[in-house]
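See below for the structure under consideration.
The values are calculated or read from the model by the stated rules, or taken from the named source; none is laboratory data. Predicted model, so just to flag it, every value in this text is computed and none were measured. Because the Cβ atoms are built from the backbone with ideal geometry, glycine has one as well, and the counts that use them run over all protein chains shown.
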Amino acid sequence: MDRDPVPGRPGSNLAEFTVTELSRALKRTVEESFGYVRVRGEVSQPKRHGSGHVYLRLKDETSVIESVCWRGTAAKLAVRPEEGMEVICTGRLTTYPGRSQYQLVIENMELAGEGALLKLLEERKRRLAAEGLFDASRKRPLPFLPGVIGVVTSPTGAVIRDILHRLADRFPRHVLLWPVAVQGEGAAGQVAAAIKGFNGIAPGGPVPRPDLIIVARGGGSLEDLMAFNEEIVVRAAADSAIPLISAVGHETDTTLIDFASDRRAPTPTAAAEMAVPVRAELIALVLEFQRRLHGGTGRMILERRNLVEGLARGLGDPQALLEGCVQRLDDRWERLGIAVAGTIERRRTRVAELGAKLRHPREVMTAARGRLQSEARALGAGLRHVVAAEESRLGRIASRLTLLPIRIRVGDGDRRLAELGERMDAGYARLVAERASRLKAGAALLESYSYRGILERGFALVTDGAEQRVTSAGDAKAGMPVTLEFHDGKVDAVVGSGGLARRAETPKQPRKTEAKAKQGLLF
């Protein structure tokens, strides 16, 4: 008679389950009772696996539930899970038999109220502002009339059409579109890559480098605009060397890229208006400036003419001013003629007086000839004195000119040359002796490493028919012809099952010492 091991508790009457059966039963029970649930909690330990799946925990003050979001669903989440984020997850509750735990398979995730998201954004804004990314000193002025405008937005939305239409109305410009996703998983990375890509275009290349960048997106909820609140986008906008206009959402929408950009536009259309002036207004302004320039130039010329006329009236009649000058010039001319005539007359009288005082020309020539002869005699005596002095100086120099220093240097050179020859012969003899000694030592060392010394101690070298060495018994097959080399000759043999059978004996080879004796010495 069977008895229960514990009174009052069922024993052997219970149905028996295997572990797998029990796990499957629990899985069906949990999935049937909680087929589709909505759970609110705080994200803890989020981790993205290499396969693309996201594993995390949802917790509150007292409990924790394991959660998983498969790769296809994770790519579509509007919110990227981060540590400490309070979210509301919708999905299926199931079990994982491999670890005996239940888990939530997340199909949708949203922030638990706008306040939590705003708190997250405020904390991120405060941290980035502390790094100086929002400082006014970093912001650059926009170009007055950019030649090329780069636009970062979705290629299929109405934003790009609004921007192109507004630019065409105001001032047509060359527009480069960098297509990106503006919401969802990976949108932030695409926007940041587009900003960096525009900055990476080299000037003068096949693709023109933009003078201005517009990052634009239409309106949407706070979750839809989260891509432009990501840190990677904010840093890319702050690091952009090209001036950047942010036009994300409507006028009441504010994202973190607005603080890092050089100018914020309330709408994408307003960004296009900020980018270029109105061409008609610009033409009208230029014409107005032209009209004002012509008017100012005309007024300035009229004022200068009036001024010149006034100064002319103050100067008086030029003819009257010149009459006095002409009269003084005539007077000076008449006085100059009288003075010149008097000077000529005085010079003529002086010349006549000097001519009367002069002697006869022959006497003058005789006196001049005497003076020249005396001067020639004095010049000859001086030249003879100079020649004598130079001859004396050259004689003294010639006495000092001798070949003795040259002979001394030649003798020294001969002695040094003889010494160098002797030294070269001695050095060459030493070098030859040293090389011969090294050669003998190398020959001895080579002989010590030769295997023939081992053969002299009773060993033999076994080679096959191809003169390849046989180094193990496993390589020696029965019936294989081999050659046994001893220190005094070679013997042919055949490998048998019980040993070696000798075939013939090769002639005795001369020993190495004898071969060396025949070779002779090199030195």
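Numbers for the structure displayed
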{"quantity": "Failed condition for PRO405, given (1) over 30 Å from GLU485 (Cβ atoms); (2) surrounded by 10 or more Cβ atoms within 10 Å (Cβ to Cβ)", "calculated": "(2)"}
{"quantity": "Pair list, Cβ < 9 Å and 6+ apart or interchain, from the stretch 238-264 residues that are at positive phi to residues that are of a type in the set (Val, Ile, Thr) and not in a strand (DSSP E or B)", "calculated": "GLY249/THR255; GLY249/THR267"}
{"quantity": "Selection status of THR73, farther than 25 Å from ARG124 by Cα, in contact (Cβ under 8 Å) with a residue 12 or more places away in the chain, surrounded by 15 or more Cβ atoms within 10 Å (Cβ to Cβ) and among the polar types (S, T, N, Q)", "calculated": "yes"}
{"quantity": "Members of the stretch 173-213 that are without any contact (Cβ under 8 Å) to a residue 60 or more places away in the chain, in a loop (DSSP other than H, G, I, E, B) and touching a helix residue (DSSP H, G or I) at 6+ places or on another chain (Cβ under 9 Å)", "calculated": "VAL180, ALA181, VAL182"}
{"quantity": "Residue check for ARG313: loosely packed, with under 10 Cβ neighbours inside 10 Å and basic (Lys, Arg)", "calculated": "yes"}
{"quantity": "Lone qualifier among PHE289, PHE259 - being in a helix (DSSP H, G or I) and under 37 Å from the mean Cα position of the chain (by Cα)", "calculated": "PHE259"}
{"quantity": "Test for GLU16: is it of a type in the set (Asp, Glu), modelled with pLDDT under 80, over 55 Å from the mean Cα position of the chain (by Cα) and not in a strand (DSSP E or B)", "calculated": "yes"}
{"quantity": "Qualifying residue in the stretch 448-456 (condition: part of a helix (DSSP H, G or I), on the phi < 0 side of the Ramachandran plot and surrounded by fewer than 10 Cβ atoms within 10 Å (Cβ to Cβ))", "calculated": "yes"}
{"quantity": "TYR55 under 24 Å from LYS27 (Cα atoms), in a strand (DSSP E or B) and modelled with pLDDT under 85", "calculated": "no"}
{"quantity": "Of residues in the stretch 128-158 being assigned by TED's automatic domain parsing to the domain that holds ILE201 and without any contact (Cβ under 8 Å) to a residue 60 or more places away in the chain, the one nearest to GLY197 (Cα to Cα)", "calculated": "PRO155"}
{"quantity": "Filter result for the condition that a residue is modelled with pLDDT of 85 or more, within 30 Å of ALA493 (Cβ to Cβ) and in the same structural domain as VAL491 (by TED's automatic domain parsing), over VAL470, VAL462", "calculated": "VAL462"}
